[in-house]
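The values are calculated or read from the model by the stated rules, or taken from the named source; none is laboratory data. The structure displayed is predicted, hence computed values, not measured ones. Reconstructed Cβ throughout: ideal geometry from the backbone, glycine too, with neighbour counts over all protein chains shown. Areas reflect the complete protein model, heavy atoms only, side chains present, ligands, DNA and RNA absent. Shrake-Rupley method; radii C 1.70, N 1.55, O 1.52, S 1.80 Å.
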Amino acid sequence: MEESAPPPLCYATGRVALTPGTECLAGMRFQLDELDVFFPYDYLYPEQFSYMCELKKVLDAKQGHGLLEMPTGTGKTVCLLSLIIAYQHEHPAMGKLIYCTRTVPEMEKCLAELKFIRQKRGEMLAAEGRSTKDEPFLALCLSSRKNMCVHERVVSEADREHVDVECRKMTASWVRARARQDSGVELCGFFEEWDRAGTDAVMPAGVYDIEDMKRLGREHGWCPYFMARHAIAHANVVVYNYQYMLDPKVAGMVSRELEAESVVVFDEGHNIDNICIEAYSVELDKGKLNRAQRCASRLGRRVDELRAHDAERVQAEYERLVKGLEDAGAFAGRAALTDAQLGASPVLERDVLDEAVPGNVRRAEHFLRLVKVVIQHLKKRLEAPKVEVETPAAFLLDLEQKTALDSKPLQYFYARLNSLMRTVEVADLDDYAALGMVADFATRVATYQDGFAVVLDPFFRGPSGIPEAKLQLSCLDASLAIKPVFERFASVIITSGTLSPLDLYPKLLQFTPVVQVSLQMSIFRPCILPLVVTKGADQLAMSTRFESRDDASVVRNYGALLVDLAAHVPDGLVVFFTSYQYMEQTVAKWDETGVLRRLLAHKLLFIETKDVVETTLALENFRRACDCGRGAVFLSIARGKVAEGIDFDRHYGRCVVNIGVPYQYTQSHVLRTRLDYLLTRFQIREADFLTFDAMRQTAQCVGRVIRSKTDYGIVILADARFARNDKRSKLPAWVLQFLQSAHLNLSTDASLGIVRTFLRQMAQPVDDADLKQMLLDTATVASLVKGRRSDAGHFMDLAPT
Amino acid sequence: TLGVSSKGMAASSSEEDLLFRFRASYQKQDGTVEIRARGVTWKNGTATVEVPFAVLAKHEVSPKSHPKAMLKLSRTTGGPPVVLTIREATAERAYSVLSDAKVTISAIVKRRKRSEPSESGSSSSHKARKRARAVPEEAGNVEEELRRSLLAADARLSAAYKELVTEGVVSEEEFWSARRSESIEAVAPAAPSNELLADAPPAVGEGSKLRYTLNAAKIAYILEMYPAVRRAREAHVPPMSEKAFWVKYFQSRYYLRDKGAAVAAGKAGELGEGGDDLFARFERRGDDALDPRRPVAPGVDLTKTAADRALDEPPDEPDENEPAGALDPSAERVVHKFNRHADRVVGRIALDDATPPVVAAADLVDDLDTKPPDRLLTLNVDDRRLDAAPTGRPAGLSLATPGDRPRWSPASLALSPALETARRRAAAAFRVLDDKARRPGAAPDEPFRSSAEEHFALALQLLKAWFTFPSKRPKLRPRLDALNTQLDSLRRDLRDSSTRHAAQHAAVLQPILAQIAAILEKRDSDHFDTSLFAHV
């Protein structure tokens, strides 16, 4: 007799797609203080309930921000969305939820959760005879033209990199004006149709991911990109990339109109300080400066041509500049969306924008001559024989002395260039990227006196490994980029699975969170096996420290560890190296010594490269190999593209190996400058910051393989340095709770025995009774809510840990 | 313990009769050994090990001084010898049993040698083996090596061999004649292999001599992995001979460009784009790249994220002033090589969703490839680049090609679309089972899976023999019936199993069992006879 399997327990797994039997869920509804929370699953984890309570404290604080850490794979996103949407319904004045993600897959996952929540909410209300039609709800995502374009020719013919250019060539206001007189000028039908619809081009209520937007665009003949750009002003939830909020050039165009009452969430925000710094830093080298010089000459010729046949337009621009940059940069109507050239002005204060543009940059030819002088100066600086690190003030002083220029006009460069390019009607912006970077550099260096450093490294070794001179305006203070966000929006929530140690973030970002909490992971079985492997079977220490990383014994022992693990671990195995260079050298040595031949006898091998397309295809192949074979091995980089955004859940990642502690390259002059700044400004010691940074990257790699509570995985920390308390204590609590003291100094063969035992245990069926004991149902949640009023926090005691 | 009974001796003319039985352990598991005229069988409740006399190379016994009485049986088909430890209360009794067993086995082996030269091919093949050893280039040696390696590598084929040849249903030659293409499959497998064939290490000869062995599979692999080599071959062969071309390849800088050894020795830079040789001239941009047009799952698409970071901001262009070749791609090329290799392997699996996984494909597909094979080439390359101290002699070449190797004829039979569909459905069901087993907490279901898979493979082999050798059908019929009974039994076991997992497996196995049953039910049907196999 066939037994019928019991219905699956329905609980959040961290993603909708993996949840078994979601179609049979009834969902959960409970009252959290005044909020009517609709949770789309039947059960809640204890930490999810805690998370919601803490989140609500942040929202209740109005002008308050939060820092919340919850273990990876415990359903952060779903409880965050459930609670904030409930809050939105209860407090309509709250404004939008602006949800910032790192990657497009994360964006899509968020929207899938949101769809699910809305669907369950509708079903639960329908059961009461109510409808959601009276509560119009619009959630959408915003991505680049490359991802959203539906124009057949542009998508099929144009190089993906040139979608932006092709789009501008068909949608810029001057192109459209020309098309009215010349029928031969090609316009984008989707944009024209959307423009024609005007105020009627309203998106129906719903939750739209990129594909939904494109589908809607095709159905109505509207351009999805411009539709999204326009609709974010009316949406309840907007999901987009960090850059759109943190990079002032993009944020100035995209996020300027968003209401201040909105709640901003930075999901997976453990690297937010680095993103802030990247957004504000500018790098120049000789190649870029040469291109910028050519662009300036080309622009000069176009100005001359324009003056010859349309002097009025040049004069009009001059008049606008006299009134100030704000007027010069003002766009009207749809042109605000289509004609923005290099992006909004990055950093200028209101008073700078309002005052008249200095006389020596008002005329185009004067401005371009000035630009050329600055470029020449920068090129000369690149020829310096040794490394130079100086403050922006020192850099400007040197510029003034050597070129006899006043430094004040520099801060207008970016906006002035933007205005000029619009005047001469430049659509192919790619050609002018280098010139834009020079203008950006000039504007920033003239605007910021503190928190920046100009680093000139004549022998910078980039990814190519070839030394080349590099001039970098390096942002040292992450708080500069995020400060406008904290000041402007009501609540900013930074959340991730790996924020430990929490007290460092308020220092780095210069804010005072109203809630700063790290939540434990409730478990029903030890689903993570962290092992610190410090030596090979020959008892020689394994470490990627610079002095020993190239030793034959170290390379051999790492290879032997990998081959042994491939032989014992079923399915996917993910390995994280500390850098591309080290990985490539090690792979070459393993290829030479036959390690990889032995590895291929067990599993196929895939390797991350610097090429995004190749890495994507390797990932796709890796998943296929895991789906239909004996699993595969993926070699990756701890700070790479894969470590930051790709999940290796279930059989895609049964084991993760961290080869080495992923420290940053400490000889980098930029890093050294930043470390000095952190010490003098925030009293963060160099070693503390480096270890913190390395361990958050390690934790991020570890989190890749555990994406739900029924998932399980082995975590091998393969470096003798992981055994030290100062390193491992900085790992998140949800990893440390599984780390036994007996597993801190293992050899390869000893670790294999433990791995085998663990795999045997984990291969047993999940006991639904055990799992259910850990989950909270509606009744338990109701009692917890009641108890919360008298004694907040005791509910965590119910969770077996 | 049973001695050699008079009844047993008297019945020795019948192959099925038991000659001797004793208790022995194999790989630390207790069991019973039975010596029959056709072979020695060890079995316990769960496992069976059989060594037919047809494949018995030699049998050895432990000396009396040894604390354990052991019988060691080596097979001509290769693989580890079977070592049986006699289980008796005392060492004396154990050695007594061992002595009886030795006498019995020796008697049978002698009798087989006396009686079989004229009627069976085994003795002649033994002589042929001897001849082959004496003349290594002789065709029979190569063929026999291939057969041995095939049997050693493929448990299913070995099972079919036992079922058909050892049992005397068909002769050895008949068995292999129907599987000529299988020999080729072993050399140039249709199913992709994980092995990096282009990187097979050469044998080290005297001095700076390296010996590379090429075959059809390796050549096909190199031509597919390295388009520049394919182009060079198309351009230069002829007039250049095939041998000369491949020797040039192994001597070229191009050959070493993505080898870890060259990178580690710091030679890859000079062997890269800078190196101008026969092959580098045919290199084109994008040879190392994967096909970017293939659709990928949204969850792993990093290109969208990369594009998303540059909203309205032009991408940072690569420096056009950078001198070509300034990058040092040596280590990167090694990385690209592995990604390309894996792409090739996975890409082949993904060509057809219904195509079964690697192992299943290799096991189940036979006689499908009609591609003519190439000869085996052994190239002795004087490669001084790898020498630490050059000898000063000019780079030379000595090519040792084995004489006239047999050229395999293409297969004469192929599975018809109907049977191929059945095979694919079964493979898909196996894959479902694999996926199921991968789920967290799934119980190990290997016994069910392997049992069903073996039965299915055996059914295919028997059916193929049925249609290939009509004259052997009387002998095949009882075996097909026996298989049918076993399948029924397996089906019943699954269906009646009380455990939930077994019941679930029964559901998963249903399509496989249905297909097997359908094949067996149709075995007498004329329609089946003509439709399941199509001549090519």
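Structure values in brief
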{"quantity": "Dimensionless Rg over Rh [the stretch A:132-185; C-alpha; Kirkwood]", "calculated": "1.19"}
{"quantity": "10 Å beta-carbon shell around A:Val207, net charge (K/R +1, D/E -1)", "calculated": "-1"}
{"quantity": "Nitroxide proxy distance, nm - points 7 Å out along Cα→Cβ at A:Glu487 and A:Asp450", "calculated": "1.3 nm"}
{"quantity": "Spin-label pair A:Glu135/A:Asp36, simplified geometry with 7 Å Cα→Cβ offset, distance in nm", "calculated": "0.6 nm"}
{"quantity": "Value of relative contact order over chain A, rounded to a whole percent, pairs C-alpha under 8 Å and six or more apart", "calculated": "17 percent"}
{"quantity": "Residue order for B:Ser158, A:Ser156 - accessible surface, 1.4 angstrom probe, largest first", "calculated": "A:Ser156, B:Ser158"}
{"quantity": "Solvent-accessible area of A:Asp564 with every protein chain in place, 1.4 Å probe, in Å² to the nearest 10", "calculated": "50 Å²"}
{"quantity": "Projected area averaged over orientations for the stretch A:174-304, convex hull of C-alpha atoms, nm²", "calculated": "12.4 nm²"}
{"quantity": "Where Rh is the Kirkwood radius over Cα pairs, Rg/Rh for the stretch B:34-112", "calculated": "0.96"}
{"quantity": "Fraction of accessible area attributable to carbon and sulfur, the stretch A:470-521 (%, probe 1.4 Å)", "calculated": "49 percent"}
{"quantity": "List A:Lys603, B:Lys68, ordered by accessible area with a 1.4 Å probe, largest first", "calculated": "B:Lys68, A:Lys603"}
{"quantity": "All-pairs Cα distance distribution in the stretch A:194-258, expressed in whole percent, bin size 5 Å", "calculated": "4, 16, 28, 23, 18, 10, 2"}
{"quantity": "Size of the B/A contact, given as accessible area buried on both chains, probe 1.4 Å, in Å²", "calculated": "7000 Å²"}
{"quantity": "Förster-model FRET efficiency, 56 Å R0, A:Asp503 and B:Ala200, C-beta, rounded to 0.05", "calculated": "0.50"}
{"quantity": "Estimated inter-spin distance, A:Gln773 and A:Phe738, nm [label 7 Å along Cα→Cβ]", "calculated": "2.0 nm"}
{"quantity": "Karplus-derived HN-Hα couplings along the stretch B:47-59 (A = 6.51, B = -1.76, C = 1.60, θ = phi - 60°), whole Hz, x at Gly and Pro", "calculated": "9, 9, 10, 10, 10, x, 5, 5, 10, 7, 7, 7, 10"}
{"quantity": "Full-stretch length increase - A:Ala404, A:Arg153 - with 0.36 nm per residue and alpha-carbon distance subtracted", "calculated": "85.3 nm"}
{"quantity": "Largest-first ordering by accessible area, 1.4 Å probe, given options A:Leu480, A:Leu435", "calculated": "A:Leu480, A:Leu435"}
{"quantity": "R0 of 60 Å, Cβ-Cβ distance B:Gln27-A:His91: FRET efficiency to nearest 0.05", "calculated": "0.25"}
{"quantity": "Reachable lysines from A:Lys57, criterion Cα separation under 19 angstrom, eight or more residues apart if same chain", "calculated": "A:Lys76, A:Lys96, A:Lys786"}
{"quantity": "Heavy atoms of A:Asp711: accessible area, 1.4 Å probe, square angstrom to 10", "calculated": "0 Å²"}
{"quantity": "Ratio Rg/Rh [Cα only; Rh per Kirkwood] for the stretch A:562-641", "calculated": "0.95"}
{"quantity": "Cβ neighbours within 10 Å from other chains - mean over A:142-153", "calculated": "3"}
{"quantity": "Rounded accessible area of A:Asp503 (nearest 10 Å², 1.4 Å probe)", "calculated": "100 Å²"}
{"quantity": "Given A:Lys288/A:Lys730; A:Lys641/A:Lys709; A:Lys214/A:Lys641, the pairs whose alpha carbons are separated by over 31 Å", "calculated": "A:Lys288/A:Lys730"}
{"quantity": "Backbone HN-Hα couplings from phi across the stretch A:538-546 [Karplus 6.51/-1.76/1.60, Hz, Gly and Pro as x]", "calculated": "8, 6, 8, 5, 10, 7, 9, 4, 3"}
{"quantity": "Pairs of Cα atoms farther than 49 Å apart, chain A, %", "calculated": "22 percent"}
{"quantity": "Full-stretch length increase - B:Arg285, B:Ala244 - with 0.36 nm per residue and alpha-carbon distance subtracted", "calculated": "12.1 nm"}
{"quantity": "Descending semi-axes in Å of the stretch A:605-718, equivalent ellipsoid built from Cα gyration tensor", "calculated": "32, 16, 10"}
{"quantity": "Computed FRET value (nearest 0.05) for B:Ala220 with A:Phe546, which takes r as the C-beta separation and R₀ as 60 Å", "calculated": "0.85"}
{"quantity": "21 Å Cα-Cα threshold exceeded, pairs from A:Lys507/A:Lys610; A:Lys483/A:Lys610; A:Lys470/A:Lys589; A:Lys483/A:Lys507; A:Lys115/A:Lys146", "calculated": "A:Lys507/A:Lys610; A:Lys483/A:Lys610; A:Lys470/A:Lys589; A:Lys115/A:Lys146"}
{"quantity": "Difference of contour (0.36 nm per residue) and Cα-Cα distance, A:Ala26 to A:Ala112", "calculated": "29.2 nm"}
